2 protein chains.
Amino acid sequence: MDRQTSLQRLEAVREVMNATNIDAFLVPTADAHNSQYIAPSDARREWLSGLSGSSGTALVTQRHALVWTDGRYFTQFEIQVDTAIWTLMRQGTDLSIQEWLVRNMPEGSTVGIDPTTFTRSAWTPLQIALLQNKVNLLPVEDNIVDRARVNVGDAPPARPSEPLIPLSVNFTGRVSSDKISELLEQTRARDASALVLTALDDIAYTLNLRGTDIPYNPVFFAYLVIRADLQTDNVILFWGDGNLTPDVQLHLEAEGTRVQVRPYTQIFAYLRDMSSSLQPGSAIWLSRDGSQAIYLAAESNTAVSTLSTVSPVALMKCVKNSIELQGFRSAHVKDGVALVRLLRWVHEQVEGGVNVTELDVVDKLDKLRGEEDLSRGPSFATIAGSGPNGAIIHYKPTPQTDRVIQMNDMLLLDSGGQYMDGTTDITRTRHMSASPSEAQRRAFTRVLKGQILLATAVFPRGTTGNILETLARKALWDVGLNYAHGTGHGVGHYLNVHEGPSGIGAALMSGDPGIVPGMIFSDEPGYYQVGEYGIRHEDLVEVIEVNELADHIFADGMVGNFDGRGAVGFHTISLAPHQTACLDVKLLSPDEIKYLNNYHARVLATLGPILKARNLQADYDWLEKECAPIRSAAMLVMASPFLIVSVVYSLWFGAKY
Amino acid sequence: MDRQTSLQRLEAVREVMNATNIDAFLVPTADAHNSQYIAPSDARREWLSGLSGSSGTALVTQRHALVWTDGRYFTQFEIQVDTAIWTLMRQGTDLSIQEWLVRNMPEGSTVGIDPTTFTRSAWTPLQIALLQNKVNLLPVEDNIVDRARVNVGDAPPARPSEPLIPLSVNFTGRVSSDKISELLEQTRARDASALVLTALDDIAYTLNLRGTDIPYNPVFFAYLVIRADLQTDNVILFWGDGNLTPDVQLHLEAEGTRVQVRPYTQIFAYLRDMSSSLQPGSAIWLSRDGSQAIYLAAESNTAVSTLSTVSPVALMKCVKNSIELQGFRSAHVKDGVALVRLLRWVHEQVEGGVNVTELDVVDKLDKLRGEEDLSRGPSFATIAGSGPNGAIIHYKPTPQTDRVIQMNDMLLLDSGGQYMDGTTDITRTRHMSASPSEAQRRAFTRVLKGQILLATAVFPRGTTGNILETLARKALWDVGLNYAHGTGHGVGHYLNVHEGPSGIGAALMSGDPGIVPGMIFSDEPGYYQVGEYGIRHEDLVEVIEVNELADHIFADGMVGNFDGRGAVGFHTISLAPHQTACLDVKLLSPDEIKYLNNYHARVLATLGPILKARNLQADYDWLEKECAPIRSAAMLVMASPFLIVSVVYSLWFGAKY
């Protein structure tokens, strides 16, 4: 952002703060639903600081302007944000937001936050810490950034409310009435009068509806209240102006679901009324990730308590049913076809001396994915990072950063598609002329070794991802290298590409139920050389019982199943070749080579016939070449002395006889 | 314990509970210093339930009698405790103590705990949970088990107060006055008026004194108060009757330390007086592991607050200085000599048909360690588990359980020594006739693979142990096997063999500062086949900077140091051969074979000359045989076709010419 705009926006916010007696104002990424990806109407932190991306919290006082973000965005921050005005606070290294506020805010001062943009579980500890230091935390319902935008003549865009998309049971595998029955049962089992769903993907999953309100995530702005205290009209949807179109009504009817619809904006008034009308001692069940604003409304009757847990829908939807899993696998076959076509095309262009930029790659990939059955667009903004751009972990090419891809570039391509039957997310790193430097070759190989060690792990059912993550880092750690992001995230079924509550990172995620069959995770270690190149290898893996393991060639047969607890592992569902020409085969064990060769044989056997059937012979030929088996260093080592000694020996024999 | 004794003791406790209106009484393992190993005077849970061992909490109500313990003691529980009277509660599987109390104690009832036996950090959450359910948690200062013991004519033994042992700076590397200066500085930096040390090893470390009040742990019953608000007489030791012997006085004087000594029992009165005399707003710094009783005394003046952290001494002493590290290494050489002699002796006896029992092994090992320089007895009760006894994770042979070791037995021998210059802890598993079953052979090998994968890890400085632990389990997990205990613990310098606050387990230990050079850990994966055998391989490892790595043959040269954070790894200091005859060499990678051969060469090169110098030729010969390099399966595979084909080829050449 240019300096003048940056200063003007910051000043506008400070003026509103001054007028409302707020000494510090916190601007998180989240919208009212704690969404990771947000609509333009909610992109307040980006408007203010210039930093785009899915993680970051801005803090403004009259003297300071700071942005906290994580390792994925450190490099991006330097590029997007005017660092003369804004200070980067590195999460995990610098003071935390809470520590900064405690050290810097004087007694009696007031910190403001829009309570729709902050979860209750984040609000309470911050409030306690500030109170201990005699600093007040105030919910500011009229968002200060929105007011500042109006003041500078750049009013935020209206909140979208696009048409809803019914998703048939052929894709979801379970009708909405069945999901709601289970939720009602769980609500009654917890002695709660109502369950309030606030996460957009929870609501989409429960009703088997999708939307387009937020880029990449097929969700719609809504709240859903499921009341266990009522016998009829006990499912209340807050959406748009409160009127469903006939196709959506028909879909819900066909699924046996009766929904009462009210306008989106009425949720707070409704919760306050409901709270007042409940018997003293009643409880309302909310997700831990519900906003402070939702909690305040539900608690407006002090005789009613709230019950706060991981959302029960989050726990339901992270374990995919067999229809969803079938869809995931099918989507990955189509996605593999599109990606193979794209990769061959990029190589052809660059080798042919055609100017291809990162944005060209993004467009071409969108087009190729769009040709696949049930395609619904990308699942996130494609990261096509060539050369130094590859080292920006969550890079997204823009006209300002776009580069022509060079023969000597590495290209990190992280992309995914939404399909009605599933969601994909895959990263492949390609060296355009297949002649990386030795350092690149070794890092490329070590990242792949990490991916394989995690992908082939066998572990007790219910193990949490944090216990496994080291496996993905080990080969890099062995030589003092690392990457500044987590290793795996859950993936929704034609839903958000990042889905909780499980993950594969260094820290135990609170509410993580542990890994069980039917979950989908990414497996994506990387290595980034700032200013030079980035490497990431990412596949999606399905969690399966160990007795179905196909990829698990490292184990020489199971002899136990963890005392009855059950053994689980991963099966890779992403289908696209790794660039074996970039490998340092010496660094691979025979088992790793066998694994890679098996994987490539499967990729060719699955995608090859489709390419042939579509008469895409050039793509087929390219894929066949890329999937060719590699030979182990040990085999070469074995072969060479054998040949030499044999010859010497035979000469000696020859001389003697 | 026989049924009659068991019932009589339980009845006696219930009678005292009845008389004092306590509905449930909790009996933890801990003494007033949260010690893991305790003196007989504090062994209340064992007296009551029969369960010995370092972990377990008994709970008695008029109807129920339960013991919570962890996986190490499940098998032991079945053997030692009358299960018709007591119920085993498996930690991590069954309800927690808190959950059980919340579900079972009626409103208005009272749970009692001796506040000297429960830490503040455990007390507060339990108290809150119980209060939410209208159950009262009462500190019962006059311990109910002690009173019951008097009532049945079995009064607890007196608390020991054995002579103190000065430890010279030649062993400690740092005089006590220097340690106290640093603690005073830290106390002032935290704006606290006083630091109260309650952990016995913290006090021993600070004053460079040792004791013999508790078996195996060379500590003495004491409290230490260091006052930042006083200029003189600001170090107050509560010990015995308050009178130091001249040698101890001389030692402290020589170290420049002035200590005021008071009787041990006066600590509570002193803290109450000190609290009253401090200015309002003052703070007293206590360890998080201080007892509820200590906190209550320090907080008797409500205008004084307590500051609760991991003990600063714990953070000091877990990083060993160079003199301590030198001592550790030297102690491990001596310990290796003793263990090699013992192992050869056991094999000789069993092979020769001599009846040797587990207790004979314990006695012989004590005797052999006793011959080593600066020896101070075992560092814990030797676990000599032959055959099925090996599967009892923290087994300790007794006359009741003792077994004659058979030619077909596996013997799990986990033992350690205290030396003035260091503490050891090592486990070797031996098959008496070196002819294990295939299942034993594979498990033996996989446990060793796990130990090696952890021992050779390279990782960023400050990584916590929980991040690394999976490495030790991986080879077992690959085939569905596991072990029900943690993988590594810190070790004190001529102090407690289990030393916090760092560890290598599945969970992040609260207050864990992360792994840095100078720390000492155990590396001890295992596998246990209940009713048949147990396998554990344990070494102590020193944390070193990666550029000093000697054992780290897995890495092909460091190319980074984690962006300046620094790379660290382990160096194995335990010195004793593994029984390579029990390995399934097919399961070992060439790197693992190289590691093992390097290790055995180092063991032989270090211990061999000592054995020879002492004219222990039979021991030397045995060690040399045990340390012989093993050959890889790959080498055999490589060799065989080479030989066959060479011969065929030469014959063909021979025929032709």
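Within the stretch A:10-23, can one find any residue that is closer than 24 Å to A:T401 by Cβ and either among the hydroxyl-bearing types (S, T, Y) or open to solvent by less than 10 Å² (accessible area, probe 1.4 Å) (or both)? Yes, the stretch A:10-23 contains a residue that is closer than 24 Å to A:T401 by Cβ and either among the hydroxyl-bearing types (S, T, Y) or open to solvent by less than 10 Å² (accessible area, probe 1.4 Å) (or both). Within the stretch A:170-190, residues that are within 20 Å of A:I236 (Cα to Cα) have Cβ atoms under 7 Å from residues that are buried (at least 18 other Cβ atoms within 10 Å of the Cβ) and among the acidic types (D, E) in these pairs: A:V175/A:E255; A:S176/A:E255; A:S177/A:E255, counting only partners at least 6 apart in sequence or on another chain. Going through (1) outside any strand (DSSP E or B); (2) at the interface with chain A (Cβ under 9 Å from one of its Cβ atoms); (3) open to solvent by less than 20 Å² (accessible area, probe 1.4 Å) one by one, B:L508 falls short only on (3). Among the residues making up the stretch B:46-73, those that are within 19 Å of B:L7 (Cβ to Cβ) and free of Cβ contacts under 8 Å to residues at least 24 places away in the same chain are B:E46, B:R63, B:V67. All conditions but one from (1) within 10 Å of another protein chain (Cβ to nearest Cβ); (2) open to solvent by less than 30 Å² (accessible area, probe 1.4 Å) apply to A:D539; the one that does not is (1). Name the residues in the stretch A:219-242 that are touching a strand residue (DSSP E or B) at 6+ places or on another chain (Cβ under 7 Å) and either among the polar types (S, T, N, Q) or open to solvent by 10 Å² or more (accessible area, probe 1.4 Å) (or both), would you? Matches in the stretch A:219-242: A:R227, A:A228, A:D229, A:D233, A:N234, A:W239, A:G242.
Note on the stretch B:380-394: residues that are under 15 Å from B:Y216 (Cβ atoms) and assigned to a loop (DSSP other than H, G, I, E, B) amount to 4. Among the residues of the stretch A:350-396, those that are without any contact (Cβ under 8 Å) to a residue 12 or more places away in the chain and of a type outside the set (A, V, I, L, M, F, W, C) comprise A:G352, A:G353, A:D360, A:D363, A:K367, A:G370.
Every test in (1) over 30 Å from B:G387 (Cβ atoms); (2) open to solvent by 10 Å² or more (accessible area, probe 1.4 Å); (3) not in a loop (DSSP other than H, G, I, E, B) is passed by B:F554 save one, and that test is (3). Of everything listed in (1) free of Cβ contacts under 8 Å to residues at least 24 places away in the same chain; (2) in contact with a helix residue (DSSP H, G or I) (Cβ under 7 Å, 6 or more places away or on another chain), the single unmet condition for A:L230 is (2).
Evaluated against (1) touching a helix residue (DSSP H, G or I) at 6+ places or on another chain (Cβ under 8 Å); (2) open to solvent by 40 Å² or more (accessible area, probe 1.4 Å), B:T198 falls short on exactly one condition, (2).
Here is the figure for the stretch A:5-40: residues that are in a helix (DSSP H, G or I) and modelled with pLDDT of 95 or more total 15. How many residues, within the stretch A:615-631, are touching a residue at least 24 places away in the same chain (Cβ under 8 Å) and of a type in the set (K, R)? Total satisfying the criteria: 1. Of all residues in the stretch A:311-321, one or more are in a helix (DSSP H, G or I), open to solvent by 60 Å² or more (accessible area, probe 1.4 Å) and within 30 Å of A:N34 (Cα to Cα).
For the stretch A:442-491, a tally of residues being part of a helix (DSSP H, G or I) and more than 12 Å from every other protein chain (Cβ to nearest Cβ) returns 7.
All conditions but one from (1) modelled with pLDDT of 95 or more; (2) under 28 Å from B:E499 (Cβ atoms) apply to B:P215; the one that does not is (1).
Counting only strands (runs of 3 or more DSSP E) that sit wholly inside the stretch B:180-280, those with at least 3 residues that are among the hydrophobic types (A, V, I, L, M, F, W, C) and touching a Phe, Trp or Tyr at 6+ places or on another chain (Cβ under 8 Å) are B:194-197, B:222-227, B:235-239. For the stretch B:263-276, the criterion of being touching a residue at least 40 places away in the same chain (Cβ under 8 Å), among the aromatic types (F, W, Y) and either open to solvent by 70 Å² or more (accessible area, probe 1.4 Å) or farther than 27 Å from B:S54 by Cβ (or both) is met by at least one residue. Scoring A:A550 on the criteria (1) within 14 Å of another protein chain (Cβ to nearest Cβ); (2) modelled with pLDDT under 95 leaves a single failure, condition (1).
B:A381 meets each of the listed conditions (1) surrounded by fewer than 24 Cβ atoms within 10 Å (Cβ to Cβ); (2) within 14 Å of chain A (Cβ to nearest Cβ) apart from (2). Tallying residues that are away from every other protein chain (no Cβ under 14 Å) and under 30 Å from the mean Cα position of the chain (by Cα) within the stretch B:595-619 yields 16.
Listed here are the residues, each with its yes/no results for (1) hydroxyl-bearing (S, T, Y); (2) surrounded by fewer than 17 Cβ atoms within 10 Å (Cβ to Cβ); (3) under 24 Å from B:H498 (Cβ atoms).
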site	(1), (2), (3)
B:E351	no, yes, no
B:D360	no, no, no
B:K364	no, no, no
B:R376	no, no, yes
B:A391	no, no, yes
B:P399	no, yes, no
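Counting only residues that are at pLDDT below 95 and among the acidic types (D, E), the stretch A:95-134 holds 2 of them. Would a scan of the stretch B:405-425 turn up a residue that is in a strand (DSSP E or B) and surrounded by fewer than 24 Cβ atoms within 10 Å (Cβ to Cβ)? Checked the stretch B:405-425: no residue is in a strand (DSSP E or B) and surrounded by fewer than 24 Cβ atoms within 10 Å (Cβ to Cβ). Pairing each residue of the stretch B:74-103 that is under 11 Å from B:M1 (Cα atoms) with any residue that is open to solvent by less than 50 Å² (accessible area, probe 1.4 Å) and aromatic (F, W, Y), provided the two are 6+ apart or on different chains, yields C-beta distances under 8 Å for B:T83/B:F77. Residues of the stretch B:492-505 that are within 19 Å of B:I393 (Cβ to Cβ), more than 14 Å from chain A (Cβ to nearest Cβ) and either β-branched (V, I, T) or open to solvent by 30 Å² or more (accessible area, probe 1.4 Å) (or both): B:V497, B:H498. Of the set (1) within 22 Å of B:P513 (Cα to Cα); (2) in contact with a Gly (Cβ under 6 Å, 6 or more places away or on another chain); (3) among the hydrophobic types (A, V, I, L, M, F, W, C), all apply to B:V261 but (1). Only one of the numbered conditions (1) open to solvent by less than 20 Å² (accessible area, probe 1.4 Å); (2) without any contact (Cβ under 8 Å) to a residue 40 or more places away in the chain; (3) not in a helix (DSSP H, G or I) is violated by A:G608, and that is (3). Name the residue, out of A:G560, A:G514, that is modelled with pLDDT of 95 or more, within 14 Å of another protein chain (Cβ to nearest Cβ) and open to solvent by less than 40 Å² (accessible area, probe 1.4 Å). From the options A:G560, A:G514, the qualifying one is A:G514.
The values are calculated or read from the model by the stated rules, or taken from the named source; none is laboratory data. Model, not experiment: these values are computed from the prediction. Using ideal geometry, Cβ is built from the backbone for each residue, glycine included, and neighbour counts are taken over all protein chains shown. The protein model used for the area step is the full one, side chains on, heavy atoms only, and it has no ligands, DNA or RNA in it. Shrake-Rupley method; radii C 1.70, N 1.55, O 1.52, S 1.80 Å.
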